[in-house]
Amino acid sequence: MIQKLNITIELEDFETPAFEHWLNDQVNVLDFLVVPDTSDLYKNDPVFKKLSKCVKDAKKARDRYYNEKR
């Protein structure tokens, strides 16, 4: 059975292209996304914090629904 994984890791900017190339050589990459650092927005912007909670809640509801259907 094939599994899909979602992993978030930290790399220095200069390491990212080499890592992406290596990863593509090793496995079938379905999606590769460089995630921006939103820690300042989260701390200082109440609208962004509220949106982030909505995203978290939606993912939780989606995952719960999926797991009930399995």
Quick one: what pairs do we get from the stretch 29-54, first residue free of Cβ contacts under 8 Å to residues at least 60 places away in the same chain and of a type in the set (A, V, I, L, M, F, W, C), second part of a loop (DSSP other than H, G, I, E, B) and surrounded by fewer than 10 Cβ atoms within 10 Å (Cβ to Cβ), C-beta under 8 Å, 6+ apart or different chains? L30/K4; V35/T8
Among the residues of the stretch 1-11, what is the count of those that are open to solvent by 100 Å² or more (accessible area, probe 1.4 Å) and either within 12 Å of V35 (Cα to Cα) or under 16 Å from the mean Cα position of the chain (by Cα) (or both)? 6
Working carefully through the options F19, F14, find the one that is over 25 Å from D63 (Cβ atoms) and open to solvent by 80 Å² or more (accessible area, probe 1.4 Å). F14
Could you run through the stretch 29-70 and say how many residues are under 17 Å from the mean Cα position of the chain (by Cα), part of a loop (DSSP other than H, G, I, E, B) and either on the phi > 0 side of the Ramachandran plot or loosely packed, with under 10 Cβ neighbours inside 10 Å (or both)? 7
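The values are calculated or read from the model by the stated rules, or taken from the named source; none is laboratory data. Note that the coordinates shown come from a computational prediction; the quantities given were computed from them, not determined experimentally. Neighbour counts are summed over all protein chains in view; Cβ atoms, including those assigned to glycine, are modelled from backbone coordinates with ideal geometry. Accessible surface is based on the protein model in full, side chains and every heavy atom, while ligands, DNA and RNA are left aside. Shrake-Rupley method; radii C 1.70, N 1.55, O 1.52, S 1.80 Å.
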